[in-house]
Amino acid sequence: MPVYNHAAAYTAFQDFYREELENNPLYHHLAEALKTPAALPEAAYRAAAADLHEFERKCFQTAYVRLNALSDGHAADIVSPNDFFFFRTQLGGE
């Protein structure tokens, strides 16, 4: 796959991921609220952070499936499923 196609496909993946996240209107509110660990009791904070990351992981997987269809099965050449770590929200308590 030529570099310019790779870059365009990666951008498409980022757009797919963002679309999936934004389908949930509470996503940005929860991500912002969890940036301050002291805002909740520790157990509640950890549970909410785990739920947020699980939601983000599902969005990542959906975006990956969409990219795989767009790239005729070559999504792994563009983004690795292990790259989720770099896409998830970084929280203060982690």
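The values are calculated or read from the model by the stated rules, or taken from the named source; none is laboratory data. Keep in mind it's a predicted model, so treat the numbers as computed, not measured. Here Cβ is always computed from backbone atoms with ideal geometry, including for glycine, and neighbour counts include all displayed protein chains. What goes into the accessible areas is simple: the full protein's heavy atoms, side chains included, and nothing from ligands, DNA or RNA. Shrake-Rupley method; radii C 1.70, N 1.55, O 1.52, S 1.80 Å.
Points to keep in mind about this one:
- Tabulated pairs, region 57-75, first touching a residue at least 60 places away in the same chain (Cβ under 8 Å) and open to solvent by less than 10 Å² (accessible area, probe 1.4 Å), second outside any helix (DSSP H, G or I) and of a type outside the set (Lys, Arg), C-beta under 9 angstrom, 6+ apart or interchain: none
- Any hit, region 81-92, residues being in contact (Cβ under 8 Å) with a residue 40 or more places away in the chain and either open to solvent by 80 Å² or more (accessible area, probe 1.4 Å) or in contact with a Cys (Cβ under 6 Å, 6 or more places away or on another chain) (or both): no
- GLU32 acidic (Asp, Glu), within 16 Å of the chain's Cα centre (by Cα) and at pLDDT below 95: yes
- Cβ-Cβ under 9 Å pairs, at least 6 apart or on other chains, region 36-49 side under 17 Å from GLN90 (Cβ atoms), far side hydroxyl-bearing (Ser, Thr, Tyr) and outside any helix (DSSP H, G or I): ALA49/THR89
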